[in-house]
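First the structure, in the form of C-alpha cells, and then the observations on it.
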Amino acid sequence: MRAAWQSWLFALLCVVIAVCLAALSARFGFTADWSAGARATITPQSQSLLKQLKGPLEMTSYARPGTLRTKTHLLIDRYKRFKHDIALKFIDPDLDPIATQDANITADGQLVLTWNGRTQQVTQLDEQSFSDALVRLARGGNELVAFITGDGERDANGKNPADLGVFVQRLATRGVRALPLNLAEAAEVPRNANLVVLASPQAALLPSAVQKLEDYVANGGNLWWLTEPGGDDLGLAPLAQALGIKRLPGMLLDTQSTSAFGDPRLLVATHYPSQTITDDFNVNTLFPRAAALAALSGAAWNVQPILQSSARSWNQAAPVDPAQAAFDPNSNELKGPLTFGYALSRLSPSPDRNQQRVVVIGDGDFLSNAYLADAGNLAFGERACDWLLGDDALASAPQASPDTVLKPSRTELGVLTFGYLIALPIILILIGLAISWHRRRR
C-alpha cells in the first residue's frame, strides 16, 4: 500500500512539474544560437537596422504554396524576434495575377517591404539581401556619390583589378548611386551630390579642378579621399592644407606582415582607434600599399584617427628591396604605430546639413576589385561610406558564416569518399566481428 501511494505521488509530482514547465515556456522564451557566425539569427548589424525603422513594417510575399513560403517564414521569424510589429502576408501569383503584375513581381517568392510609405523589393531570401532592402528603406532614396574621373582615378564601373567596380555594385544594393564627375568639364561639383570620392589619381589635377574641390569642401561638401604613397602631391597640396592632413613621405612597411605574408608592404589592421566607423568592428583589414598620414595642428576640424599600423612598422622613404627592408633609427624614418586613415568632421558651413564629414585614407587598393574580398575590406568600406553619408547607425552587410559552404578539393573529396563509403563500413564490420567472437569465447 505504501509503495502504491508513493507511485501515485511521484506521478502527480511529474504532472505538476510538466504543467509548470509548459506555463513557463508559454510566458518566457530563450533562444541560443551556437552556429558559426550566428547565422541562425540575425546579426547585430541587422538588429541595428530594425531599430531605425520606427513603426509597423509590412511584408508581402508573392510565393506559391510550398517550400518558398516555408523558407520565407523562417527568414522573417528571425527578424520578428527583434521587431514585433512586422506583418507578413502571402499572395499566390496564380490566384491573383493582377496584384502580382501591379507590384512588378518577376520571380516566385519575391518580397515587397512597405514602411512609412516607402517600398523596396527583395528577390533573394537571405539576410544580406533583406538587410540591404532595410538600408534602402531607411535612406528613403538613392544617395548620389560622385567619383572624380579624368586624372587616372580608379574607375567606379571598371572590371580591372585596380578598379572599384565590385565595391560600387555593392553600394548600389544599399541605395547608393554612383556617377562619374570630370572636373575639367563640369563647372562645379553638382549640388545634389551627397559625397565626392577622389580615388587615387595618377596624374596631376588641373588647378581649376583642385579649386572646384576646395570650393566644394568650403561649402560643406563631404569628401572621401583615397591617396597613395609617392613624392608628388599631384597638385592637391591646397586641398590637403584645407583639410589639415599631410601625407608623410615613402611607404609604410611592417615586419609583422613579413611573417604573415612574406611582404612588409601588405599592412594588416587588427586594432582600430575608437570612432563611429570602427566602433565594434573587430575584423582584420588588408591594405596592400599604404602611405602614412599626419594631422596638422590648427586645423578647423575634429580629427580622429581610424587606421593605424602596428608598432613594428615605419615609413620607408628611400627605395629598398622589400625583402631586405629594415627600420633605420639613424634616418628620418618614423617608427610605428603610424596613422594612415583619418575621419574629419565639423559643423557644416551649409545650412542644408548639420555636419560636414571627410575621410582620408593612405591607400586605395583595399577597395579595389583585387582586394575587396580580403578579410573585412568590404565591411570597412561600407562603414566609412555610411558614416560619410550621415548614416551612422546603418551597418555593413552581414559577413558569410565560415561553415555554410563546404568546398573540398579533389584530393579531400577522395579522402572523404574512401573514409565514409569504404573505411568506415569495414571498421564497423570488424568491430561487430570482434564483439561476436568475444561473446562466443565467453
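Before moving on, here are some points about what is shown:
- Think of each Lys and Arg Cβ as +1 and each Asp and Glu Cβ as -1; about the Cα centre, that makes the dipole of the stretch 142-388 roughly 420 debye.
- Note on the chain: with a GNM built from Cα contacts shorter than 10 Å, the maximum mean-square fluctuation among Leu53, Leu95, Leu347 falls on Leu95.
- Values of log10 I(q)/I(0), in the order q = 0.06, 0.13, 0.14 Å⁻¹, for the chain under a Debye, Cα-only, solvent-free model: -0.39, -1.20, -1.31
- The order of Asp215, Asp254, going from fewest to most other C-beta atoms within 10 Å of their C-beta, is Asp215, Asp254.
- Ranked for footprinting exposure by Cβ neighbours inside 10 Å, fewest first, Phe90, Phe380 give Phe90, Phe380.
- Evaluated at q = 0.12, 0.15, 0.18 Å⁻¹: base-10 log I(q)/I(0), Debye formula over Cα of the stretch 38-136: -0.36, -0.56, -0.81
- In percent, rounded to a whole number, the relative contact order of the stretch 119-183 is 35, using alpha-carbon pairs under 8 Å and six or more apart.
- Equivalent ellipsoid of the stretch 142-388: semi-axes from √(5λ) of the C-alpha gyration tensor, largest first, are 28, 20, 18 Å.
- Where trypsin sites (Lys or Arg not before Pro) fall in DSSP loop in the stretch 124-220, at most 15 other Cβ within 10 Å: Lys159, Arg191
- DSSP bridge orientation in the stretch 142-388 - percent antiparallel, rounded to nearest 5: 55
- Here, the stretch 180-259 yields an orientationally averaged convex hull projection of 6.6 nm² when only Cα atoms define the hull.
- Sorted by Cβ neighbour density within 10 Å, fewest at the top, the residues Ser257, Ser331: Ser331, Ser257
- For q = 0.16, 0.21, 0.23 Å⁻¹, Debye-computed log10 I/I(0) when each Cα of the stretch 99-178 counts as one equal scatterer: -0.71, -0.97, -1.06
- Alpha carbon centroid spacing (whole Å) that separates the stretch 303-373 from the stretch 227-268: 6
- Residue among Thr106, Thr227, Thr417 with the largest mean-square fluctuation in a Gaussian network model of the chain, springs linking Cα atoms under 10 Å: Thr417
- C-alpha center-to-center spacing [the stretch 124-188, the stretch 82-113] in angstrom: 28
- Helices meeting the span-like rule in the chain (full DSSP H runs, Cα extent of at least 24 Å along the helix axis, mean Kyte-Doolittle score of -1.0 or higher): 2-27, 424-441.
- Per residue, the chain reaches -10000 deg cm²/dmol at 222 nm when only DSSP H runs of four or more residues are counted, each adding -39500 (n - 2.57).
Readers should treat all values here as calculations from the given coordinates under stated rules, not as data from a laboratory. Just so you know, these numbers come straight off a predicted model, no measurement behind them. FYI the Cβ positions are ideal-geometry reconstructions off the backbone, even for glycines, and counts take in every protein chain you see.
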